[in-house]
1. So, residue 221, is that one over 29 Å from residue 120 (Cβ atoms) and either out of contact with any helix residue (DSSP H, G or I) (no Cβ under 8 Å at 6 or more places or on another chain) or in a loop (DSSP other than H, G, I, E, B) (or both) or not?
2. I'm trying to understand the selection: among the residues of the range 123-151, which are at pLDDT 85 or above and in a helix (DSSP H, G or I)?
3. Do we have any residue at all in the range 123-134 that's over 18 Å from the mean Cα position of the chain (by Cα) and surrounded by 15 or more Cβ atoms within 10 Å (Cβ to Cβ)?
4. Against the conditions (1) more than 19 Å from the chain's Cα centre (by Cα); (2) under 21 Å from residue 255 (Cα atoms); (3) without any contact (Cβ under 8 Å) to a residue 60 or more places away in the chain; (4) surrounded by 18 or more Cβ atoms within 10 Å (Cβ to Cβ), where does residue 88 fall short? Just the number, please.
5. Would you point out which residue out of 298, 264 is touching a residue at least 40 places away in the same chain (Cβ under 8 Å), in contact with a strand residue (DSSP E or B) (Cβ under 9 Å, 6 or more places away or on another chain) and either in a loop (DSSP other than H, G, I, E, B) or under 18 Å from residue 44 (Cβ atoms) (or both)?
6. Out of the range 165-189, which residues are assigned to a loop (DSSP other than H, G, I, E, B) and in contact with a strand residue (DSSP E or B) (Cβ under 7 Å, 6 or more places away or on another chain)?
7. Just give me the residues in the range 1-29 being surrounded by fewer than 19 Cβ atoms within 10 Å (Cβ to Cβ), over 12 Å from residue 285 (Cα atoms) and modelled with pLDDT of 95 or more, in sequence order.
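The values are calculated or read from the model by the stated rules, or taken from the named source; none is laboratory data. A quick note: this is a predicted structure, and the numbers were derived from the prediction, not measured. When we count neighbours, we look across all protein chains shown, and the Cβ atoms used for this are built from the backbone with ideal geometry, even at glycine.
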């Protein structure tokens with residue numbers, strides 16, 4: 001890449017969080033970031049979002065728990081992770097040398113659990129933002145996901161925001177009737193930004209054995225297959241809230257990023273593409289720089305919400 005292309009302006013802001021480019025990694029697809037260091041230059045990314053962290057360690061679901069589907073992937077990992085204590089003492093120490101913002105995704109079964117994780121992370125240096133996964137079931141509400149009821153979404157967002165010293169991003173579930181309603185609810189709860197979409201609920205069946213392919217029966221669908229749905233939801237949410245929107249869903253190239261930005265996204269997260277091409281995020285950044293240079297844009301920010309409707 002020539003020096004002229006290297007000097008183009010790709011910077012974006014997610015509330016008070018400034019990124020040198022809009023390309024982030026999606027939680028659950030990039031491990032704790034260091035795993036990908038042999039394959040790409042982490043320092044070239046806009047931000048890394050680590051694997052979701054719960055209050056206590058979780059073993060996840062039994063295998064098989066990840067399968068390829070047409071144009072995508074189904075996973076039922078079950079939010080396996082080391083828990084907040086080991087994350088702080090082991091994983092964060094490995095991330096201190098990364099010169100890009102580290103976003104920590106958190107999850108819980110009750111509002112109190114989300115709040116406690118936020119309190120534990122508040123004293124940890126080098127955390128740039130918290131991303132709140134509200135697709136988790138609220139055990140006190142009979143397993144209803146936090147992200148499906150506005151009042152629950154507001155409550156968990158508010159609890160995390162009150163106990164966090166860094167920006168709070170809320171990751172929205174697409175498995176709702178009106179995602180804009182949930183987006184406004186988390187904005188009311190104090191969210192600095194929203195990210196969407198999380199995986200769609202799906203399943204796969206082996207007709208020969210007549211059994212589900214996943215041991216958990218159902219899982220989360222991701223990859224290019226969900227991109228049209230994600231684009232539509234990002235567009236709707238961007239029209240409904242005043243906070244920045246981070247687009248997720250089937251993104252694997254600079255062209256995909258530009259589409260999401262035109263729909264209203266300020267930044268994006270690359271997920272399933274990391275399994276296909278570990279360098280996908282870095283290559284996407286390079287593609288965006290070439291686009292800005294070749295089209296003589298003053299800044300990539302000119303693309304945000306610039307969709308032409310007539």
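1. Yes; evaluated as a whole, the condition is true for this residue.
2. 146, 147, 148, 150, 151
3. Within the range 123-134, one or more residues are over 18 Å from the mean Cα position of the chain (by Cα) and surrounded by 15 or more Cβ atoms within 10 Å (Cβ to Cβ).
4. Evaluating residue 88 over (1) more than 19 Å from the chain's Cα centre (by Cα); (2) under 21 Å from residue 255 (Cα atoms); (3) without any contact (Cβ under 8 Å) to a residue 60 or more places away in the chain; (4) surrounded by 18 or more Cβ atoms within 10 Å (Cβ to Cβ) leaves (2) as the failure.
5. 264
6. The answer is 166, 167, 172, 173, 174, 175.
7. Scanning the range 1-29 gives 13, 18.
Here's the yes/no breakdown for (1) within 17 Å of the chain's Cα centre (by Cα); (2) at pLDDT 95 or above; (3) over 27 Å from residue 189 (Cα atoms); (4) crowded, with 18+ Cβ neighbours inside 10 Å:
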{"position": "35", "(1), (2), (3), (4)": "no, no, yes, no"}
{"position": "47", "(1), (2), (3), (4)": "yes, yes, no, yes"}
{"position": "60", "(1), (2), (3), (4)": "no, no, yes, no"}
{"position": "63", "(1), (2), (3), (4)": "no, yes, yes, no"}
{"position": "97", "(1), (2), (3), (4)": "no, no, yes, no"}
{"position": "103", "(1), (2), (3), (4)": "yes, yes, no, yes"}
{"position": "107", "(1), (2), (3), (4)": "yes, yes, no, yes"}
{"position": "112", "(1), (2), (3), (4)": "no, yes, no, no"}
